[in-house]
Every structure is written in structure tokens, then in C-alpha cells.
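The values are calculated or read from the model by the stated rules, or taken from the named source; none is laboratory data. All values reported here derive from a predicted model rather than from experimental measurement. The accessibility values were calculated without ligands, DNA or RNA, using every heavy atom of the protein model including side chains. Shrake-Rupley method; radii C 1.70, N 1.55, O 1.52, S 1.80 Å.
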Amino acid sequence: MFLGHALFAFAVAALVAQRRGWTARGALTVGAVAGAFGALPDVDVAYALVGLAEWQVADGALGASTAFWDASRAVHRSVTHSVVVGAVAAPAFGLLAVRRSDRARVARAFGGLLLTGLVALALVVDGALAAFVTVLFAVGGALAVGTTVRLTSLSPATIALAALWGLWSHPWGDLVTGSPPDWAFPFESPLFASRVVLHPDPTVHLLAAFAIELAAVWLAAVAVCRLTDRSLIAVVDRRAAVGATYGVAALAVTPPTLELSYHFVFSILGVGLLCGAVRTVPSPTLGLPSRTPSSTVLLETGLTALAAVTIALATYAAVYLLAVTPT
């Protein structure tokens, strides 16, 4: 759910910045920084490439995905998902962003020292694998900071605050999709010892979790449209209604669960992509094909696809609940 994490962090940061009087460009910028850090904790899945290295072609595509996620469980949602680690890393990233100051060198050195300390802590508490993903976490954050400094005029304090929001908002989205994150690493945490169950039926639970992900994407869409003075409803093409046909899939395929969801996720996203395909818009005066600005085309494509997936999910859930689940 890294996309949902990133978009949720982006949307909230951008909307709060706008409410506090920031320009649309500034709000979108700080939202993008928060979104980047909102996705950063999932850098720990890079270790799952080890699983792909052990995968055999004879195992098929499903075997590849199984090997990937089985390997990721060795370290996923541990050190990089800790709010304690985030509380140290965020100001460290802010210190790395200091450039125009007499004490910039000292600030950057101290920021690097804090991140090095996190790596050492992970090594001592949880071993070499945890230290490895913490290095990836630190390097990824430093690259995000470097890109932000080069492309924007955000202050180090703003970058640190955006990083803190992104890192702290991330773990909440994992409560319904798998094992709960290691909230307080390196300390023990009594919070959420197991996954939050949204519904006793595993398929309904998956559909609800998918709906939460879509809600995060819609929130980001609302933020973008609001900050760019576009109408959310006007941008969505009527072809999104084709997504309603996906409801028949509930009668034809194996009901998905968190443990076996690939066929559901790929097919419903495929419906969205098909409905949101870029099209040529006819000119109202000459009757000749004309191109809309690329940003408008991308927004129309994305929101039409999103609307189609949402409609597909609603119809699938309705058919499943009415015709598939036992009475």
C-alpha cells in the first residue's frame, strides 16, 4: 500500500499548507515532499529481491510473487516503520537540508551522525539485515532531501516537518493489510499486536482494505483539483461507468483474500486503465482532432481510471455480498 501511504501524506500536507495561506505551488511542493517520505519506510521491501533471486522460472509468475513477499517478511514493517526512528530521522533529514548558513557543515555532519546512529542501533538490536534496510532508509531520505533542496526553496525546518508527517503517517495504513508494524522499535510496544480485522469474511476484509486505499487516492485527487482550480467531477469521463461490468467477476473467479489477491488487484486495475486510456478530443468548431494540454490529459486519464476502479469495486462488492456469500 505504499502508493496509498504516499498519496495520503501528500494530500493532508498540501491541504493543510493551503489552509495556512501557502500558494498553490508551495502547497503542492510541500505535499510532494511529505508524500516522498510517506513512501520511504517501504524501502525495506528491497530485501525481497533476495526472494526473486531464489525463484525458479518453473515456479511460474505466482511463484515469483510468493517468493518476493515471503522474503520481505523477514524485515518488512520493522525498523523503518517505527515512530521512534521517524522522530530521530526527520530532524536528521532537516539538518541535511541546511545549505545557506555559517553552520551548515556542522548541521549536515550532525544529521549524518544521527542517521549513522540509527544504523548502529538497528545492527545492535536486530542484526545485520535490519542495519542494511536502515542504510537504504537513510540513503533514500538523503536523496529525497537533496532533490528537494535543488528544486525548491523549502526551509530545512519545513522539510523536517514534512518528513516527520510522512514517516509518522505511514504505519497506520499497514494495520489492515498484514502484520502490524514495529511501532516503537527498538522498544516493545503493546499497541496492535495483530492485524485489525475489518470483517470476519476474508474477502470482505480485502475489499474494505482496498476501499481505504482508494479513499487515500481520492483525497489526493481532491487536493490536486482544489489547488489547480479544476472541477473533480468535470474531469472524469463517462466511460468510467464501464467499470460496473466488473461485478460479474464476483461470480466467475475465486474470491480474493489478503493471501491470494493478485488476480483481483491486477484485473480491477486493468479495467481502470482501459477506461482511462488517453483519447483525442474533437474540436467543437472545426470537427478536427485536437490535443488537450498534457497535464489535463493526464489528470483526465488518472481520474477516469480511478472512478472506474471505484465503480468496479462497488459493483463487485455488491454482487459478492448479494449473490456469493452464504445467507
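Restricting attention to the alpha-carbon atoms of region 195-238, what are Rg (one decimal) and Dmax (integer), both in Å?
14.7, 42
Per residue, how big is the convex hull of region 130-266 when only Cα atoms are used? Give it in Å³.
On the way: hull volume 24.4 nm³, N = 137.
Looking at region 130-266, the number lands at 178 Å³ per residue.
On the full set of protein chains, 1.4 Å probe, figure out the accessible area of Thr23 and give it in Å² to the nearest 10.
90
Rounded to a whole number, what % of the accessible area of region 95-168 do carbon and sulfur atoms account for, probe 1.4 Å?
Answer for region 95-168 is 68 percent, counting heavy atoms of protein chains only.
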